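The values are calculated or read from the model by the stated rules, or taken from the named source; none is laboratory data. Everything numeric in this text was worked out from a predicted model, so none of it was measured. So basically every Cβ, Gly included, is an ideal-geometry build from the backbone, and we count neighbours across all protein chains shown. Please note that ligands, DNA and RNA were not included when accessible areas were found on the heavy atoms of the full protein model with its side chains. Shrake-Rupley method; radii C 1.70, N 1.55, O 1.52, S 1.80 Å.
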Amino acid sequence: MTEQEMREWLDLGLKFHGHLCGGLPLGFRVGVAALEKLGVAREPDYDLAALVETGENHFAGCWADGIMLATGCTYGKGLIYKLFWGKFALTLIDKRTSRAIRVSVRPEVLEAALKAPFLNQRRAGVPPSKIAEEIARPMFERLITIPDDELLVLGEPFEFAWQPPAGTFDVMRCESCGELTVVRHMRVGPGGQRVCVGCAQSPFDYPRELALTRGPEFCQWPTPPKR
């Protein structure tokens, strides 16, 4: 991908993402590198999946939007999963060939970013959209132009067989609230009625890592080998 093509995609991503920061181009670079190393194109349908090792409420979490932008593994298509490991790495899986690639960010890049004026502003509690462009832009530009070998650690492709449940069109109304619910997410209520998760119990009874809206049977995704 040329720098001009990258900038065009990132212009689109910024409109969606909402603010200028380093996380968006960082994730985009990781996603593009994973696609190229695996030898696949951006996903228009459902044949790729992205396992993102970051968690929540820490710096550079915005990079997941960059990964979605680059790979086409979007939340709406159910192709991106957070592993909540607190690490800055992506495993991209090609479900057609059962091959995967893991790409991580070099520690020195992240350590340098943590010393940047933009992150100092964030530590002080300034929302990213309120940080002056002359402070945010240098990090953004640096992460566009830094060579791959200075930015990333690219693993080699490895076998990773994973076939999540097939798509379904089976739905029914919850017998408690009446809202339409996908059948395999239904639960059996205390009186034997078929109810949604929300009526069966609070969804917050599930651990956060289980991606609450998916239900426990969808949360047993495989994790990539430790590196």
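Hey, could you check segment 147-178 for residues that are of a type in the set (A, V, I, L, M) and in contact (Cβ under 8 Å) with a residue 40 or more places away in the chain and say which is nearest to LEU114 (Cα to Cα)?
Step one: of segment 147-178, the residues of a type in the set (A, V, I, L, M) are 151-154, 161, 166, 171-172.
Checking which are in contact (Cβ under 8 Å) with a residue 40 or more places away in the chain leaves us with 151-154, 161.
On the way: LEU151: 15, LEU152: 17, VAL153: 19, LEU154: 22, ALA161: 36 Å.
It comes out as LEU151.
Can you tell me which residue among PRO147, PRO164, PRO157, PRO128 is closer than 30 Å to GLN201 by Cα and either surrounded by fewer than 12 Cβ atoms within 10 Å (Cβ to Cβ) or not hydroxyl-bearing (Ser, Thr, Tyr) (or both)? Step through it out loud before you land on a result.
Values: PRO147 fails: closer than 30 Å to GLN201 by Cα; PRO157 fails: closer than 30 Å to GLN201 by Cα; PRO128 fails: closer than 30 Å to GLN201 by Cα.
On inspection, the qualifying residue turns out to be PRO164.
Please list, ordered by first then second residue, the pairs with beta carbon atoms under 9 Å, 6 or more apart or interchain, first in segment 179-194 and closer than 12 Å to PHE169 by Cα, second assigned to a loop (DSSP other than H, G, I, E, B) and acidic (Asp, Glu).
VAL182/ASP170; VAL183/ASP170; ARG184/ASP170
Given the options ALA60, ALA112, name the one that is more than 16 Å from the chain's Cα centre (by Cα), open to solvent by 20 Å² or more (accessible area, probe 1.4 Å) and not β-branched (Val, Ile, Thr).
Details: ALA60 fails: more than 16 Å from the chain's Cα centre (by Cα).
Selected residue: ALA112, the only one of ALA60, ALA112 that is more than 16 Å from the chain's Cα centre (by Cα), open to solvent by 20 Å² or more (accessible area, probe 1.4 Å) and not β-branched (Val, Ile, Thr).
With the requirement that a residue be in contact with a Leu (Cβ under 7 Å, 6 or more places away or on another chain) and open to solvent by 20 Å² or more (accessible area, probe 1.4 Å), what does segment 63-78 give you?
Listed by number, the list holds a single entry, ASP65.
Any idea which residue in segment 82-141 is nearest to PHE28 (Cα to Cα), counting only those that are in contact with a Gly (Cβ under 7 Å, 6 or more places away or on another chain) and among the small types (Gly, Ala, Ser)?
Top of the filtered list is ALA113.
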